[in-house]
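Engineer: Before I ask anything, here is the structure I am working with.
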Amino acid sequence: MTSTDLNPAVPVAAPAVGIRTFHPRRGRMSGRQTDALERLWPTYGIDIAALDGPVDPAAPFGRGAPVVLEIGSGMGDATAAMAAADPDRDYLAVEVHTPGIANLLDLVQRHGLRNVRVAQGDALDLVRAMPEGCLDAVHVFFPDPWPKSRHHKRRLIQPGHVALLRSRLTDGGTLHCATDWAEYAEAMRETLAADPELANAYDGYAPRPAHRPVTKFERRALTAGRPVFDLIHRRVAPAAATARG
């Protein structure tokens, strides 16, 4: 992506086409969010549907720093906090919910964050356009659990999608997932363990990492008595992953 790939049009939630891992939602925006979207999208926004050809995720940042891909950044509070605490890496956040995009853009400006860009659209379409080994980390925090059995095909963490995400990680790069849905957590654990080039950084679920901020969503889950599960895997050679078990 070059600066000419930054689409100045204000984003809107894309309709679902085929099998999507997300469900676009409409939502009202505050005046502050509307203003942020109109002013900041041309500089910090990326329209995934408008991209044509291979994508270099580092290009929009204008430097050669490691890139973290945030899939489903929500309202952006966690992304902004992590980016502020980690200025040596760049954060590319992907979201389909327009109020969340607008809120993150507002946070970017308010906190003077130079290492955040916001993409609107299907994260998997964006990842498919990237070269292998270009990402330092992929974060998948609280994706839609699609709890009904007939909807499991829409889950983001499933073998084909995991293989795609893993292929874009550098050697030693991290795939970090978190969910408060116990059944999905177990399905995630089994799926990640089955990938031949991923090795669990811990014995089972990871202890809650300090670098992942506690969001309002997570607080609500904990208040409701739902535990949160973290899974952190690193990309390794197939033989090394087998050795780790």
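Engineer: I'd like to verify a number: residues in region 48-57 that are buried (at least 19 other Cβ atoms within 10 Å of the Cβ) and either over 21 Å from A36 (Cβ atoms) or among the acidic types (D, E) (or both), how many?
Structural biologist: 2
Engineer: Give me the pairs: first residue in region 75-87 and within 9 Å of V116 (Cβ to Cβ), second residue assigned to a helix (DSSP H, G or I) and of a type in the set (A, V, I, L, M), beta-carbon distance under 7 Å, and six or more apart or on different chains, which are they?
Structural biologist: G76/L104; G76/L107; T79/L104; A80/L104; A80/L107; A80/V108
Engineer: Follow-up. Restricting region 168-194 to residues that are in a loop (DSSP other than H, G, I, E, B) and under 22 Å from E218 (Cα atoms), which is least open to solvent (accessible area, probe 1.4 Å)?
Structural biologist: That would be D180.
Engineer: Kindly indicate whether R219 is of a type in the set (D, E, K, R), open to solvent by 10 Å² or more (accessible area, probe 1.4 Å) and not in a helix (DSSP H, G or I).
Structural biologist: In short, no.
Engineer: Another question about this same structure. Look through D136, D144 and report the one residue that is in a loop (DSSP other than H, G, I, E, B), in contact (Cβ under 8 Å) with a residue 60 or more places away in the chain and not β-branched (V, I, T).
Structural biologist: Going through D136, D144 in turn, the sole match is D144.
The values are calculated or read from the model by the stated rules, or taken from the named source; none is laboratory data. Fair warning: this is a prediction, and the values are worked out from it, not measured in the lab. Every residue, glycine among them, receives a Cβ derived from its backbone with ideal geometry; neighbour counts consider all protein chains shown. Side chains are part of the model used for accessible areas, which takes the heavy atoms of the whole protein and leaves out ligands, DNA and RNA. Shrake-Rupley method; radii C 1.70, N 1.55, O 1.52, S 1.80 Å.
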